[in-house]
Amino acid sequence: MGDIILEARGLTKEFKGFVAVNDVNLAVERGTIHALIGPNGAGKTTCFNLLTHFITPTSGRIFFNGRDITGSRPAAIARQGLVRSFQISAVFPHLTVLENVRIALQRKRGRSLDFWRSERVLTSLDTRARELIDAVGLARFVDSTAGELPYGRKRALEIATTLALDPEMLLLDEPTAGMTHEDVDRIAALIRKVAADRTVLMVEHNLSVVSTLSDHITVLARGEVLAQGNYETVSTNPAVVEAYLGAAHG
């Protein structure tokens, strides 16, 4: 294993006697795209929520850059550079694409009152905002209101607002869910671009996206790690095949 940026040790979550995540060990290497996959009910979303502390683990520890972040608030974790896309959901439907990204840049500055106080401060952020908008392929939508954007473009805007926080590691929860084939291809290309200089962990149902993008894959089933490795390794693992086929026919 290379340099580990995010690690979970013995991560467990029980809900009134039901074990949703059971003794999960996860290690994400810096600079990689790591996918968390599994059939429905495998515990992927719960695991994701544990890593970002939207829910608190029953037991286990979480480390980011070697620092124990177990018990930290989601906002504190984000300030350290571990940001879950869509957790800030800085898409204000009645504001333009440019205004949305500017506000996200405000949050990075930690001066939220500027939003209410100073148009000059907001305008000063335009250059960086336009760079981010261009990076996610929304340059021609810069003056469109967010609410008017097609679904796939809206997700791209959400990624732009997340990138405004300049995260060291980005967690993407089902980034291509509900998208057309064209949008899936666009978002997959965007994820690859975003991952050029940061680490990405994503929960993703679309296995073609996973096979194309992922350096490493962790497969969950019934709340436990079933297999880990590259796509070729996990896709030919008999236990993984059985878990998916069993889910499809169950």
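The values are calculated or read from the model by the stated rules, or taken from the named source; none is laboratory data. Please read these numbers as outputs of a predicted model, since none were measured by experiment. Cβ coordinates were reconstructed from backbone atoms using ideal geometry, including for glycine residues, and neighbour counts include every protein chain displayed. Quick note on the areas: whole protein, heavy atoms, side chains included, nothing else; ligands and nucleic acids left out. Shrake-Rupley method; radii C 1.70, N 1.55, O 1.52, S 1.80 Å.
Observations on the model:
- Within segment 156-175, tally of residues that are farther than 19 Å from residue 107 by Cβ and open to solvent by 10 Å² or more (accessible area, probe 1.4 Å): 2
- Some residue of segment 215-225 being at positive phi, under 12 Å from the mean Cα position of the chain (by Cα) and surrounded by fewer than 20 Cβ atoms within 10 Å (Cβ to Cβ): no
- The listed residue being over 20 Å from residue 176 (Cα atoms), of a type in the set (A, V, I, L, M, F, W, C) and either at pLDDT 90 or above or buried (at least 18 other Cβ atoms within 10 Å of the Cβ) (or both), out of 101, 136: 101
- Subset of segment 30-41 [part of a loop (DSSP other than H, G, I, E, B) and either open to solvent by 40 Å² or more (accessible area, probe 1.4 Å) or in contact with a Phe, Trp or Tyr (Cβ under 9 Å, 6 or more places away or on another chain) (or both)]: 30, 31, 38, 39, 40, 41
- Taking the criterion of being in contact (Cβ under 8 Å) with a residue 12 or more places away in the chain and over 22 Å from residue 204 (Cα atoms), the residues of segment 67-76 that qualify are 67, 69, 70, 71, 72, 73.
So that you can scan it fast, the table gives a plain yes or no per residue for (1) surrounded by 18 or more Cβ atoms within 10 Å (Cβ to Cβ); (2) under 22 Å from residue 188 (Cα atoms); (3) modelled with pLDDT of 95 or more:
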{"site": "15", "(1), (2), (3)": "no, no, no"}
{"site": "28", "(1), (2), (3)": "yes, yes, yes"}
{"site": "43", "(1), (2), (3)": "yes, no, no"}
{"site": "53", "(1), (2), (3)": "yes, no, no"}
{"site": "58", "(1), (2), (3)": "no, no, yes"}
{"site": "74", "(1), (2), (3)": "no, no, no"}
{"site": "91", "(1), (2), (3)": "yes, yes, no"}
{"site": "97", "(1), (2), (3)": "yes, yes, yes"}
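- Matching residues in segment 2-13 - criterion: being open to solvent by 10 Å² or more (accessible area, probe 1.4 Å) and at negative phi: 2, 3, 4, 7, 9, 12, 13
- Residue within segment 159-176 that is within 21 Å of residue 40 (Cα to Cα) and either in contact with a Phe, Trp or Tyr (Cβ under 7 Å, 6 or more places away or on another chain) or assigned to a helix (DSSP H, G or I) (or both) present: yes
- Here residue 184 meets each of (1) loosely packed, with under 15 Cβ neighbours inside 10 Å; (2) more than 13 Å from the chain's Cα centre (by Cα) with one exception, condition (1).
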